[in-house]
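Student: Just passing along the structure, written as structure tokens.
No value in this document is a laboratory result; all are computed from the given coordinates. It should be emphasised that the depicted structure is a prediction, and the values quoted were computed from it without experimental measurement. Quick reminder, even Gly has a Cβ in these numbers, built from the backbone with ideal geometry, and neighbours come from all protein chains shown.
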Amino acid sequence: MEFGEILGYVASAVGGGGLMQIINIRSSKKKADVEVKVDEIKAIHDTVEMVYQPIIAQQNARIQELEKEVGALRAQLAEERKDHQREMDLMNKRILDITRALGMRANNQIRDNKGRYKKGNNEA
């Protein structure tokens, strides 16, 4: 073996190892960056779980309570509308009965030749 050939092998070994070291440094740096991001995401997730989940659960419970209340109020409103409609129908019937009774009395009253009502019973 010649000196140049040996020098080439040594240079290759050093260069190859150096190249691998650079690749390892870069990959370990990327891995560390990814681990930092994962830790940040986990911290955010834990914060959400500890702080916001109870608030969200409380709001969901309040929403359900309000939905029940709205349902009860709508049912009450519907019942009151039915009651009012029944009262209106009854009042209309009474008004119609009164109008009929007044109309019959008006027809039984005596009028003079000018169309005015007369007092007393004048039989013609």
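Student: Note down the nm distance, to one decimal, between modelled labels 7 Å out along Cα→Cβ at Lys114 and at Gln58.
Tutor: With each label point 7 Å from Cα toward Cβ, the separation is 8.5 nm.
Student: Determine the gain in length on full extension of the stretch Glu79-Lys29; use 0.36 nm per residue of separation and subtract their C-alpha separation, reporting nm with one decimal.
Tutor: That works out to 10.8 nm of additional length.
Student: Now for a different question. Express in nm, to one decimal, how much length is gained between Val48 and Glu87 on full extension, taking 0.36 nm for each residue of separation and deducting their alpha carbon distance.
Tutor: Gain in length upon complete extension: 8.4 nm.
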